[in-house]
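Below is one structure, written out as structure tokens; the observations come after it.
The values are calculated or read from the model by the stated rules, or taken from the named source; none is laboratory data. As the structure is a computational prediction, the values presented were derived from the model and not from experiment. Cβ atoms come from the backbone with ideal geometry, glycine included; neighbour counts cover every protein chain shown.
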Amino acid sequence: MIKVKSVTKEFSLSRKQRKELGDQYKKIKKVRAVDNISFECHPGRIFGLLGPNGAGKTTALRMIATMLKPSSGSILVSGYDSVDEGQKVREQIGFMTGQTALYDRLTPTEMVKYIADLYGMDKQNFNKRKKYLFDALDMNSFSDQRISQLSTGMKQKTSIARTMIHDPSVMVFDEPTSGLDVMTSRSIIALIRNCQEEGKTVIFSGHRMGEVNQLCDDIAIIYKGKIFYNDTMDKFKAEMTKSTFEEEFIFRVGEE
Amino acid sequence: MKFLTIAKKELIDITRDRRSIIMMLVLPFVLIPGLFGVVYTIQSQQAEKASEQQIKLRFLGKEYAPDLYEAFAELDKVIILDQIPTDSIESYIQEEYLDAAIYINRDYQKSIDQNKQAQIIIKYKGTDSFGVTRDLIKSVLSTKENQIINKRMDDLNLKPDIVKAFEIDYKDVASAQEKLGKIAGGFLPYFFIIFGFMGAMYPALDLGAGEKERGTLETILSSPATRLDIVLGKFLVVMLAAFITAFIALGGMYFGIQTFPDLEPWVLEIVNQMLTLKNIALIMSLILPISAFFSALLLGLSIYAKSFKEAQSIVGPLNIAIIFPALIGTLPGIELNAITSLIPILNVSLASKDIIAGTINPYYMVEVYLSLIVFAGLAILWCVNWFNRESTIFRN
């Protein structure tokens with residue numbers, strides 16, 4: 001369960017950044033990446049956070065994962081406060097982005113073991129979980145090869161295994177299919193679907209409406225840091241005035 | 001204890017990186033003995049060449065000072081070239097066809113006979129390596145001059161003591177270890193300080209900016225490890241790399257000296273006196289805090305950078321900041337005192353010099369340790385603080 005309540009995130013602008021942004025930013029010292037957003041994600045449901053590039057999706061997800069602190073408002077993950085109980089929050093979370101984010105000089109087994117050690121997993125639990133994931137993802141044939149020697153698909157599987165090794169109850173996917181080919185994207189989609197079936201809370205950010213339509217139970221549309229639509233996917237579909245999801249999304253963003 | 005998990009992983013990671021291994025282990029061990037060998041060989045070859053070299057002289061005014069001409073002509077090393085035209089002498093010297101020309105004044109003998117100064121002009125090229133030509137001419141002329149002075153004094157019934165009021169006997173109380181220590185000790189610390197810095201540089205860049213570039217930073221930031229765990233884990237590995245590199249550089253020097261074929265036995269004996277286990281342990285105890293200082297500084301800058309490339313350009317100028325105080329320490333006259341003991345890098349350089357020479361002052365040594373520990377501590381605090389700043393970690 002994730003509860004985001006009235007969260008705002010401001011970033012200070014350096015002199016160099018103000019200069020680069022132009023004259024209108026000359027006297028502005030701070031920018032709001034996220035502006036007073038609220039939403040809830042429930043176990044067993046996939047929540048889609050949609051918006052164009054620079055809308056504030058990654059900032060919102062990084063705040064949920066405790067990498068960034070909200071300037072105001074609060075975030076609860078499985079009942080733990082993201083600021084006061086950051087470590088507890090991180091123990092609940094699996095965080096995955098479009099980048100495989102792996103260490104090339106380690107093997108998949110070492111990579112997964114490293115993450116498991118950071119999560120404080122005991123040996124027995126680790127071995128059991130590793131066997132389950134490596135069997136399910138068909139990783140045993142390359143588990144002891146250096147990651148640098150693996151194909152993109154193998155790397156993606158390793159990335160999934162390292163995200164899931166500690167069996168998190170909350171999954172955060174930040175544009176997980178961005179830049180990936182169709183085959184690899186499909187394995188990620190399958191993973192997200194699987195997490196939902198296992199009753200995990202899933203939050204997913206992206207801008208490909210096809211994926212959103214295929215996966216999400218609930219959606220929030222974020223634009224310029226503000227959420228201007230937050231409801232179930234079914235309701236969104238029912239309220240559509242355009243023929244496709246892309247057109248509807250552009251129409252709604254354009255209205256703002 | 002998550003920092004140990006991070007340190008263990010980072011250690012595995014860098015030991016599998018060929019570039020890190022070359023920088024950490026191979027280069028310091030091979031480079032210094034190799035460098036010693038190359039410099040020594042070139043220098044001895046040059047010196048041998050210079051000493052065996054024939055010196056070509058043009059002697060003008062042979063008829064005015066035949067005895068002086070003979071003094072040069074009878075030397076095996078000297079070839080007197082009489083054919084060179086007078087107006088081409090300078091260009092011949094410039095082109096190095098001729099080493100020097102000696103001009104004797106027509107009044108030479110008259111001046112000598114009248115107890116006056118005879119004028120002699122020497123033309124030579126000052127860039128001549130090792131000053132062999134100038135030294136040879138000076139030596140022949142000086143012998144001749146002494147003969148003339150002695151004769152003049154004899155004629156005047158004077159003893160040579162009349163123009164030599166003192167008989168000075170300089171007795172050096174510095175031991176051979178001390179003297180060699182002050183010379184060799186000046187540049188030895190320079191090498192292992194630089195190597196320590198170089199050894200820390202690549203792992204620091206890889207573990208900070210490299211992690212950002214690969215996108216793996218988010219993976220560990222979203223894990224239960226705290227920021228302090230992450231910084232400490234990385235810092236320990238960078239420091240270990242710096243320490244090992246400096247240690248191997250020191251070992252490389254020792255090995256290089258021990259296996260050097262042309263080294264005089266007395267030099268080897270002094271080197272063995274200087275590089276005792278105690279002295280090596282003392283030097284290493286200085287390298288440990290200075291490695292901590294370098295590592296925290298490099299890691300902090302690397303974490304600030306957006307990419308590996310940017311980190312390299314940020315760290316580049318720092319090289320000069322490190323080399324400069326290390327270089328100052330090699331200069332003669334700069335000694336370890338209450339003030340220089342407080343300046344990081346310079347204090348390591350100067351203290352190592354004194355340790356090698358066997359003249360280290362324990363009070364200054366304590367001051368050096370305190371200064372290094374304080375600076376290392378401040379650098380670590382700065383690094384942790386830097387890592388806690390969102391604007392550094394997610395700098396875009």
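Among all residues of the stretch A:196-218, there is none that is within 14 Å of chain B (Cβ to nearest Cβ), farther than 30 Å from A:Lys235 by Cβ and in contact (Cβ under 8 Å) with a residue 12 or more places away in the chain. So, A:Phe204, is that one surrounded by 14 or more Cβ atoms within 10 Å (Cβ to Cβ), touching a Cys at 6+ places or on another chain (Cβ under 9 Å) and aromatic (Phe, Trp, Tyr) or not? Taking the combined requirement at face value, the residue satisfies it.
For the stretch A:2-94, the helices (runs of 4 or more DSSP H) that sit wholly inside it and include 1 or more residues that are surrounded by 16 or more Cβ atoms within 10 Å (Cβ to Cβ) and in contact with a Phe, Trp or Tyr (Cβ under 6 Å, 6 or more places away or on another chain) are A:15-21, A:86-92. Taking A:Pro52, is it more than 30 Å from A:Leu133 (Cα to Cα) and more than 8 Å from chain B (Cβ to nearest Cβ)? Judged against the criteria, A:Pro52 is a match.
Checking B:Val140, B:Val132 one by one, the residue that is at pLDDT 90 or above, within 44 Å of the chain's Cα centre (by Cα) and either more than 15 Å from B:Phe72 (Cα to Cα) or surrounded by 12 or more Cβ atoms within 10 Å (Cβ to Cβ) (or both) is B:Val140 and no other. Return a yes/no flag: does the stretch B:329-345 have any residue that is modelled with pLDDT under 90, surrounded by 21 or more Cβ atoms within 10 Å (Cβ to Cβ) and among the small types (Gly, Ala, Ser). Taking every residue of the stretch B:329-345 in turn, at least one turns out to be modelled with pLDDT under 90, surrounded by 21 or more Cβ atoms within 10 Å (Cβ to Cβ) and among the small types (Gly, Ala, Ser).
Taking the conditions (1) assigned to a helix (DSSP H, G or I); (2) touching a Phe, Trp or Tyr at 6+ places or on another chain (Cβ under 8 Å); (3) not small (Gly, Ala, Ser) in turn, B:Thr330 satisfies each one other than (1). Going by the structure shown, is B:Ile32 within 14 Å of chain A (Cβ to nearest Cβ) and more than 20 Å from B:Leu141 (Cβ to Cβ)? When the stated conditions are applied, B:Ile32 does not pass them. Just one of the listed residues (B:Ala242, B:Ala246, B:Ala225, B:Ala292) is in a loop (DSSP other than H, G, I, E, B), in contact with a helix residue (DSSP H, G or I) (Cβ under 7 Å, 6 or more places away or on another chain) and at pLDDT 85 or above, namely B:Ala225.
Mind checking which residues of the stretch A:159-208 are of a type in the set (S, T, N, Q) and modelled with pLDDT under 85? Once the filter is applied, which keeps residues that are of a type in the set (S, T, N, Q) and modelled with pLDDT under 85, the stretch A:159-208 yields A:Thr177, A:Ser178, A:Thr184, A:Ser185, A:Ser187.
Tell me, which residue of the stretch A:93-113 that is touching a residue at least 12 places away in the same chain (Cβ under 8 Å) and closer than 17 Å to B:Lys2 by Cα is farthest from the other protein chains (Cβ to nearest Cβ)? The residue in question is A:Val112.
Of all residues in the stretch B:259-278, which are in a helix (DSSP H, G or I), touching a residue at least 60 places away in the same chain (Cβ under 8 Å) and more than 20 Å from the chain's Cα centre (by Cα)? Before you say what the answer is, go through the steps one by one.
Within the stretch B:259-278, the first condition is being in a helix (DSSP H, G or I), and the residues that meet it are B:265-274, B:277-278.
This time we only want the ones that are touching a residue at least 60 places away in the same chain (Cβ under 8 Å), so: B:266-267, B:270-271, B:273-274.
Selection gives B:Trp266, B:Gln273.
Is the stretch B:36-55 home to any residue that is hydrophobic (A, V, I, L, M, F, W, C), within 14 Å of chain A (Cβ to nearest Cβ) and under 31 Å from the mean Cα position of the chain (by Cα)? Checking the stretch B:36-55: not a single residue is hydrophobic (A, V, I, L, M, F, W, C), within 14 Å of chain A (Cβ to nearest Cβ) and under 31 Å from the mean Cα position of the chain (by Cα).
Considering the stretch B:223-247, and only residues there that are aliphatic (A, V, I, L, M) and within 10 Å of another protein chain (Cβ to nearest Cβ), the residue that is nearest to B:Val384 (Cα to Cα) turns out to be B:Ile230. Those helices (runs of 4 or more DSSP H) of the stretch B:1-112 in which at least 3 residues are crowded, with 16+ Cβ neighbours inside 10 Å and at negative phi, considering only elements entirely within it, cover B:2-15, B:27-52, B:66-73, B:89-94. Inside the stretch B:143-164, residues that are surrounded by 12 or more Cβ atoms within 10 Å (Cβ to Cβ) and touching a residue at least 24 places away in the same chain (Cβ under 8 Å) make up a count of 3. Scanning the stretch A:114-123 for residues that are touching a residue at least 12 places away in the same chain (Cβ under 8 Å), aliphatic (A, V, I, L, M) and at the interface with chain B (Cβ under 9 Å from one of its Cβ atoms) yields a count of 1.
For the stretch A:58-82, the candidate set comprises residues that are charged (D, E, K, R) and within 14 Å of chain B (Cβ to nearest Cβ); within that set, the residue that is nearest to A:Ser205 (Cα to Cα) is A:Arg62.
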